[in-house]
Amino acid sequence: MKIIKLHKGLFRYLKRELPKQKSLKGVINFLKVIGIAYYKELIKMYKELFLVLDTDYIKSQQKLKKQKQIITDLQRALKMLQYIDKKLVKLGKNRQERRRFWRDFYKDAQVRTEVFNELEKEL
């Protein structure tokens with residue numbers, strides 16, 4: 001599909017820009033530049049095609065996708081924890097109470113589920 005779009009775009013561009021060239025030398029230089037760009041795009045497309053068919057590339061892409069998903073999940077979790085901490089500050093909890101809360105949060109699964117249930121209710 002990309003190759004068809006590339007050819008359509010090439011022919012539209014040639015149809016529009018070729019009549020603007022005034023001399024034979026200008027036409028030749030124009031076609032030379034267009035040909036080089038066209039072949040570079042074709043080579044890039046064929047490289048992508050061969051990579052898609054390569055099993056090692058597919059495995060590495062899946063591994064990279066999993067890593068990116070883990071990173072985004074961790075970033076979301078960090079934002080959620082920062083939100084909880086800011087909420088505690090807004091409620092007027094001092095530093096010791098917040099530390100006690102985080103200690104309980106870390107040790108007790110029941111506290112974690114309660115906090116996350118409250119967050120879901122807020123959303």
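Numbers for the structure displayed
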{"item": "Karplus-derived 3J(HN,Hα), 6.51/-1.76/1.60, for each residue of segment 101-111, Hz, glycine and proline x", "result": "4, 5, 5, 5, 4, 6, 7, 10, 5, 4, 5"}
{"item": "J(HN,Hα) series, segment 117-122, from Karplus relation 6.51 cos²θ - 1.76 cosθ + 1.60, nearest Hz, glycine and proline x", "result": "5, 5, 5, 5, 5, 5"}
{"item": "Mean projected area (nm²) of the alpha-carbon convex hull when segment 69-123 is viewed from all directions", "result": "4.2"}
{"item": "Theoretical gain in end-to-end length, Ile71 to Leu14 [0.36 nm per residue, Cα-Cα removed]", "result": "16.0 nm"}
{"item": "Alpha-carbon centroids, segment 102-123 and segment 9-39: separation in whole Å", "result": "65"}
{"item": "Helix-only mean residue ellipticity at 222 nm for the chain, each DSSP H run of n ≥ 4 adding -39500 (n - 2.57), per residue, nearest 500", "result": "-31000 deg cm²/dmol"}
{"item": "Among Ser60, Tyr83, Leu49 - extreme Cα towards positive end, dipole of the chain, charges at beta-carbon", "result": "Leu49"}
{"item": "Tilt relative to the chain, helix 55-90 - C-alpha long axis, 0 to 90 degrees, to 10", "result": "40"}
{"item": "Environment charge at Lys93 (Cβ cut-off 10 Å; Lys +1, Arg +1, Asp -1, Glu -1)", "result": "+4"}
{"item": "Zero-based 5 Å bins, Cα pair distances in the chain, whole percents", "result": "2, 8, 10, 11, 8, 6, 6, 6, 6, 7, 7, 7, 6, 5, 3, 2, 0"}
{"item": "Residues whose placed amide H lies under 5 Å from that of Lys93, excluding near-sequence neighbours", "result": "none"}
{"item": "GNM top mover of Ile70, Ile28, Ile43 - the chain, alpha-carbon springs below 10 Å", "result": "Ile28"}
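Values in this text are rule-based calculations from the coordinates and carry no lab data. Computed from a predicted model, the values in this text were never measured in an experiment. Ideal geometry is used to build each Cβ from the backbone, glycine not excepted, and the neighbour counts take in all protein chains shown.
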